[in-house]
Amino acid sequence: MLPNSPYPLLEGIQFPEDIRCLPVEKLPQLCNELRNFIITVSANNPGHLGASLGAIELTVAIHYVFDTPNDKLVWDVGHQAYAHKIITGRKERFDTNRKYKGISGFPKMSESEYDAFGTGHASTSISAILGMATAARLAGNSSQHHIAVIGDGAMGGGMAFEAMNQAGGARENMLVILNDNRIAIDENVGAMSQYLLRITSSKSYNRFKKNLWNLFNFSKFIVQAFSRLGNAIKGQIVSQSNLFQQLGFRYFGPADGHDVVKLVRILSNLKEINGPKLLHIVTVKGKGLQLAEENQIAYHAPGNYDPETGEMTVSDEHNKSPKYQTVFGETILELALQDEKVVGITPAMAIGCSLTIMREKLPHRVFDVGIAEAHAVTFAAGLAAAGYIPFCNIYSSFLQRSYDQIVHDVALQQLPVIFCIDRAGLVGEDGPTHHGVLDLAFLRSIPNMIIASPINETELRNLMFTAYSERNCPFAIRYPRGTGVMTDWKTPLEKLEIGKSKLLKQGKEIAVLSLGPLGNNVSKAIAILENEGIMPTHINVCFLKPFDKMMLDEICNTHHTIITVEDGTVVGGLFSEVSEYIIEKQYAAKVVPIAIKDTFIEHGDIANLHKAVGFDVEGIVNWIRETYRLSYSKFVNE
């Protein structure tokens with residue numbers, strides 16, 4: 001231990017077995033040190049702060065009571081897992097959290113044996129832990145415990161209910177801990193959040209629970225009593241708890257999620273109860289940092305901040321270009337003010353996708369459906385079938401969760417749902433669970449689907465107007481996270497010709513076909529190459545489907561090599577579209593892709609990730625230069 005160390009207990013903790021050597025009365029001090037450590041390190045290394053600060057006592061209690069990693073622990077989403085990472089062998093590397101080549105910001109099986117399951121999307125933990133509990137029973141391992149920690153926002157997701165439905169009927173030995181902080185990334189919506197609020201605010205039940213737990217100190221006697229009579233007694237006393245009980249779970253709570261000593265006692269006794277159990281705890285998101293407690297949405301994942309005061313650091317931002325999200329938000333409001341049939345839909349991402357801009361003016365026409373992407377799509381389909389014009393805004397990686405609904409409920413019925421696919425391409429520090437690189441491939445195979453990606457903010461705006469004006473089939477518009485490239489973007493709305501590309505630069509020999517904002521890097525790369533006498537043609541494709549085949553016919557007849565550039569996978573997107581057509585027409589042109597290889601891309605800042613995959617200007621210059629060199633060498637040899 002270092003003299004005057006701010007973390008005298010935490011210094012001696014490397015793994016959970018070190019915590020188990022502490023007397024239980026030392027755990028509050030350990031929790032305080034963990035909280036201060038996270039606040040200090042995260043101040044200059046931004047991440048998911050609020051949820052992790054709220055789950056510290058729970059984390060310590062779980063690892064103190066259960067024999068992890070032998071006992072299996074799954075964190076839903078993983079936003080709250082920072083303390084878990086720190087006390088499971090990653091304390092010294094925590095300052096690399098979410099950085100390129102550093103540790104992941106989410107639980108990751110390949111990173112630690114304590115990460116029993118990789119997470120990043122919501123509502124998956126109960127299904128995963130149920131699978132593990134079932135496997136343990138089949139293997140005859142009756143001593144292993146299985147714990148899933150899920151937030152109140154994720155509990156509203158349909159997958160969580162599907163898992164509870166099976167678990168309650170199967171009677172597997174598992175514990176679900178419902179971490180109720182009454183907020184997800186945005187404010188919680190829907191009946192589940194109201195239901196949990198009724199439980200936690202029920203005066204009669206909380207008075208009964210407090211008296212009973214104080215009387216018996218939650219000893220084995222009361223555990224046995226709840227085990228034998230829990231459903232009957234509690235069902236009679238408080239009807240609010242019937243939902244979980246009727247699903248086959250013994251319900252315990254609500255308990256104070258910041259009383260680590262009490263949590264240890266409760267968890268120790270719950271270990272003695274077999275079958276599916278649910279412990280409902282109440283926590284404060286951002287606990288221990290006053291501004292994070294007061295501004296829970298802003299501090300879900302803040303940027304840099306002062307660790308002493310919590311004040312966020314205001315960056316000196318000279319780039320006056322708007323975020324693509326802002327362009328979407330202002331444009332949908334503009335359309336909605338013109339047409340009362342325009343509605344906006346988001347699955348719990350109203351702030352992130354900027355639907356709040358429309359919600360402030362027209363709240364009755366914006367629908368936050370909670371963490372329920374599949375439902376969002378079919379809900380939008382229902383609105384479209386009734387004559388409304390739904391703009392369904394879903395992050396690219398989350399759109400994966402609604403593929404069946406896109407196919408059957410929208411495309412098959414040719415309903416004009418407008419999908420605004422936010423966070424397309426590489427998104428940065430959140431890593432492979434959040435990179436939006438698969439949508440081009442999985443959407444392109446669907447009939448009746450228009451797929452487009454704008455090169456800049458004005459084109460995004462015009463694509464939205466085109467989709468609004470067309471309204472005869474599903475229309476998908478994908479765009480990236482972050483700022484664009486224009487300052488004067490708010491031009492009069494213009495309807496684009498669907499399936500038509502645009503010539504940006506006439507050149508010779510080599511043609512570069514770019515889809516989406518990476519086209520701006522292509523333009524910069526070509527400007528550099530012109531000084532070397534390399535003058536490629538540059539086409540802004542814009543529409544992947546329907547594809548501009550007349551343009552490709554002309555390119556194939558006048559150029560010997562085509563380079564495709566897309567911020568999606570090399571399999572299934574623009575490269576596949578061009579290659580398939582060239583094979584079909586038996587053209588001689590060679591096709592070279594600049595795209596994501598057939599692999600998952602790790603986390604890191606966008607600059608490093610773009611450099612790693614060759615999306616930066618230098619990388620594109622090198623690709624074009626090398627392609628030109630090889631093609632010229634072949635021409636000379638022939």
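The values are calculated or read from the model by the stated rules, or taken from the named source; none is laboratory data. Bear in mind that the values here come from a model prediction, so they are computed numbers and not experimental data. So basically every Cβ, Gly included, is an ideal-geometry build from the backbone, and we count neighbours across all protein chains shown. All accessible areas refer to the heavy atoms of the entire protein, side chains included, with ligands and DNA or RNA removed. Shrake-Rupley method; radii C 1.70, N 1.55, O 1.52, S 1.80 Å.
Number of residues in the range 569-581 that are in contact with a strand residue (DSSP E or B) (Cβ under 6 Å, 6 or more places away or on another chain) and either touching a residue at least 60 places away in the same chain (Cβ under 8 Å) or of a type outside the set (S, T, N, Q) (or both): the value is 6. Among the residues making up the range 492-532, a single one is of a type in the set (Lys, Arg) and under 18 Å from GLY614 (Cα atoms): LYS524.
Rundown of residues vs (1) open to solvent by 10 Å² or more (accessible area, probe 1.4 Å); (2) touching a His at 6+ places or on another chain (Cβ under 7 Å), yes/no style:
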site	(1), (2)
HIS84	no, no
PHE94	no, no
ARG98	yes, yes
PHE106	no, no
GLU111	yes, no
GLY118	yes, no
ALA128	yes, no
GLY131	yes, no
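With the structure loaded, tell me whether THR68 is more than 19 Å from ASP605 (Cβ to Cβ) and of a type in the set (S, T, N, Q) or whether it fails that test. Yes, satisfied. Considering the range 446-467, and only residues there that are in a helix (DSSP H, G or I) and hydrophobic (A, V, I, L, M, F, W, C), the residue that is nearest to MET486 (Cα to Cα) turns out to be LEU460. A single member of TYR251, TYR299 is touching a Ser or Thr at 6+ places or on another chain (Cβ under 9 Å) and open to solvent by less than 70 Å² (accessible area, probe 1.4 Å), and it is TYR251. None of GLY118, GLY169, GLY153 is at pLDDT 95 or above and not in a strand (DSSP E or B) except GLY118.
Looking at the range 456-469, can you tell me whether even one residue there is of a type in the set (A, V, I, L, M) and more than 29 Å from ILE606 (Cα to Cα)? Yes: the range 456-469 contains one or more residues that are of a type in the set (A, V, I, L, M) and more than 29 Å from ILE606 (Cα to Cα). Return yes when LEU552 is aliphatic (A, V, I, L, M), in contact with a Ser or Thr (Cβ under 8 Å, 6 or more places away or on another chain) and within 20 Å of MET449 (Cβ to Cβ) and no when it is not. Against the criterion (aliphatic (A, V, I, L, M), in contact with a Ser or Thr (Cβ under 8 Å, 6 or more places away or on another chain) and within 20 Å of MET449 (Cβ to Cβ)), LEU552 does not qualify.
Assessment of the range 520-539 against the conditions (touching a Cys at 6+ places or on another chain (Cβ under 8 Å) and of a type outside the set (S, T, N, Q)) yields no matching residue. Annotation note: of ALA467, ALA452, ALA476, the sole residue that is open to solvent by less than 40 Å² (accessible area, probe 1.4 Å), out of contact with any helix residue (DSSP H, G or I) (no Cβ under 7 Å at 6 or more places or on another chain) and of a type in the set (A, V, I, L, M) is ALA467. Residues of the range 479-512 that are without any contact (Cβ under 8 Å) to a residue 60 or more places away in the chain, buried (at least 16 other Cβ atoms within 10 Å of the Cβ) and over 31 Å from the mean Cα position of the chain (by Cα): LEU496, SER501, LYS502, LEU504, LYS505, GLY507, ALA511.
Note on the range 402-445: residues that are outside any loop (DSSP other than H, G, I, E, B), among the charged types (D, E, K, R) and surrounded by 24 or more Cβ atoms within 10 Å (Cβ to Cβ) amount to 2.
In the range 513-545, the qualifying residues are those that are among the β-branched types (Val, Ile, Thr) and in a strand (DSSP E or B), and the one that is surrounded by the most Cβ atoms within 10 Å (Cβ to Cβ) is ILE539.
A residue that is over 30 Å from VAL485 (Cβ atoms) and touching a residue at least 12 places away in the same chain (Cβ under 8 Å) cannot be found anywhere in the range 314-326.
Return a yes/no flag: does the range 591-602 have any residue that is within 30 Å of GLY303 (Cα to Cα), without any contact (Cβ under 8 Å) to a residue 60 or more places away in the chain, in contact with an Asp or Glu (Cβ under 6 Å, 6 or more places away or on another chain) and not in a helix (DSSP H, G or I). Among the residues of the range 591-602, at least one is within 30 Å of GLY303 (Cα to Cα), without any contact (Cβ under 8 Å) to a residue 60 or more places away in the chain, in contact with an Asp or Glu (Cβ under 6 Å, 6 or more places away or on another chain) and not in a helix (DSSP H, G or I), which makes the answer yes. Here TYR7 fulfils each of the conditions (1) touching a helix residue (DSSP H, G or I) at 6+ places or on another chain (Cβ under 6 Å); (2) open to solvent by less than 10 Å² (accessible area, probe 1.4 Å); (3) part of a loop (DSSP other than H, G, I, E, B) apart from (2).
Of the candidates THR487, THR483, THR458, THR537, the single residue that is closer than 30 Å to LEU383 by Cα and among the β-branched types (Val, Ile, Thr) is THR458. Could you grab the pairs with beta carbons closer than 6 Å, sequence gap of 6+ or different chains, first residue in the range 79-100 and within 20 Å of LYS287 (Cα to Cα), second one open to solvent by 10 Å² or more (accessible area, probe 1.4 Å) and part of a helix (DSSP H, G or I)? That search, which allows pairs on different chains as well, returns HIS79/ALA51; GLN80/ALA51; PHE94/VAL41.
Looking at the structure I just gave you, is ASP76 closer than 20 Å to HIS146 by Cβ and open to solvent by 20 Å² or more (accessible area, probe 1.4 Å)? Taking the combined requirement at face value, the residue does not satisfy it.
Of all the numbered requirements in (1) within 19 Å of LEU515 (Cα to Cα); (2) assigned to a helix (DSSP H, G or I); (3) more than 14 Å from the chain's Cα centre (by Cα), ALA384 misses one, and that requirement is (1). Hey, any hits in the range 387-399 for a residue that's over 26 Å from VAL284 (Cβ atoms), assigned to a loop (DSSP other than H, G, I, E, B) and open to solvent by less than 50 Å² (accessible area, probe 1.4 Å)? So far as the range 387-399 goes, yes, one or more of its residues are over 26 Å from VAL284 (Cβ atoms), assigned to a loop (DSSP other than H, G, I, E, B) and open to solvent by less than 50 Å² (accessible area, probe 1.4 Å).
Count of the range 33-43 residues, restricted to those that are under 22 Å from the mean Cα position of the chain (by Cα) and open to solvent by 10 Å² or more (accessible area, probe 1.4 Å), is 0.
Among residues of the range 405-422 that are touching a residue at least 40 places away in the same chain (Cβ under 8 Å), those with a beta-carbon under 7 Å from a residue that is surrounded by 21 or more Cβ atoms within 10 Å (Cβ to Cβ) and acidic (Asp, Glu) at least six positions away or on a different chain give the pairs ILE421/ASP439.
For first residues located in the range 147-158 and open to solvent by less than 10 Å² (accessible area, probe 1.4 Å), partners that are part of a helix (DSSP H, G or I) and not aliphatic (A, V, I, L, M) and lie 6+ apart or on another chain with Cβ distances below 6 Å form the pairs ALA148/SER125; ILE150/SER125. Under the condition of being closer than 16 Å to ASN540 by Cβ, outside any strand (DSSP E or B) and under 38 Å from the mean Cα position of the chain (by Cα), the residues counted in the range 553-574 number 2. Kindly check whether there is at least one residue in the range 332-342 that is within 22 Å of the chain's Cα centre (by Cα) and open to solvent by less than 70 Å² (accessible area, probe 1.4 Å). Taking every residue of the range 332-342 in turn, none turns out to be within 22 Å of the chain's Cα centre (by Cα) and open to solvent by less than 70 Å² (accessible area, probe 1.4 Å).
Quick one: in the range 298-330, of everything that is assigned to a loop (DSSP other than H, G, I, E, B) and polar (S, T, N, Q), which residue is modelled with the lowest pLDDT? Here the answer is ASN319.
Looking only at the range 10-47, residues that are farther than 21 Å from ILE62 by Cα, assigned to a helix (DSSP H, G or I) and in contact with a helix residue (DSSP H, G or I) (Cβ under 9 Å, 6 or more places away or on another chain) come to 3 in all.
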